[in-house]
Amino acid sequence: MQQFTEKDYKKILICLTLYLSSLFAANTLGLKLMPFLFGTHLSVAVFCFPIVFIMTDVIGEVYGKKMAKNFVYAGILSIFLFLLYSFISMIMPWAQVSLWAKDGYNLVFGISVRFSIASIIAYAIGEYQDVISFFFFKKYTGGKMFWLRSNLSNLWSQLIDSTIFMFIAYLGLMPVKTILLIIIPWWLYKVFMGFLYTPLSYVGIHLLRDKNVQN
């Protein structure tokens, strides 16, 4: 069993903070769509969500599969709690002094509830598949070529995540054809952003590894 030092725990805590911050940014800021190529649209979450998947790869590379799964479990619990708090906040009565924010609040967080439900399901399945895929490729590459393992696992897991999320979030609100047209550029762009963030992964591994033994 790998022994962690106090320094390791501090590094893991910082990584977990970055991980959860990126996850919540994606789930809340992701309501905003921006125009993209050929009349398609992308959520602004595309800038922060790839960090979520990359972080589990980096953590798994340095601290092992079990720690990567712990990050996934922490993310699932965090989204679930956010969903619970959002629901409680929505059903609580409004004070007269704050009625000016009622319509906007209910609209944004009403949508956020559905997005959170879609997110927790897509995230749990996609992230779990990312960890499994990453270590599957690690086995067959002899622990080498992190960039290849990370991007291959990202390619597969992001497709699963994007497909599940979009259908749960938008089914009934948009035609299936429109949803598919959103999924494809959204998936490809997230994969592309993950590829661009790969050098940051190596920086993260270098900062985390120190004297850690690779699992």
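The values are calculated or read from the model by the stated rules, or taken from the named source; none is laboratory data. Since this is a predicted model, take the numbers as computed values, not measurements. All Cβ positions, glycine included, derive from the backbone under ideal geometry; neighbour counts span all protein chains shown.
Selection of first residues in the range 178-195 that are farther than 10 Å from PRO50 by Cα and of second residues that are part of a helix (DSSP H, G or I) and among the polar types (S, T, N, Q), restricted to Cβ pairs under 8 Å at least 6 apart or on distinct chains, gives the following pairs, ordered by first then second residue: ILE183/SER162; ILE183/THR163; TRP186/SER162; TRP187/GLN158; TRP187/SER162; TRP187/THR163.
Within the span defined as the range 13-23, one or more residues are in contact (Cβ under 8 Å) with a residue 60 or more places away in the chain and either over 28 Å from ILE184 (Cβ atoms) or surrounded by fewer than 17 Cβ atoms within 10 Å (Cβ to Cβ) (or both). Report yes if GLN129 is out of contact with any Asp or Glu (no Cβ under 6 Å at 6 or more places or on another chain), over 16 Å from LEU23 (Cα atoms), modelled with pLDDT of 85 or more and not hydrophobic (A, V, I, L, M, F, W, C), otherwise no. Yes; evaluated as a whole, the condition is true for this residue. Would you check if TRP147 is among the hydrophobic types (A, V, I, L, M, F, W, C) and over 12 Å from VAL58 (Cβ atoms)? When the stated conditions are applied, TRP147 does not pass them.
Would you say ILE117 is at pLDDT below 85, within 23 Å of LEU77 (Cα to Cα) and of a type outside the set (D, E, K, R)? Judged against the criteria, ILE117 is a match. Of all residue pairs spaced 6 or more apart or on separate chains, none has beta-carbon atoms under 9 Å together with a first member in the range 73-90 that is under 23 Å from GLY60 (Cα atoms) and at pLDDT below 85 and a second member that is acidic (Asp, Glu) and assigned to a helix (DSSP H, G or I).
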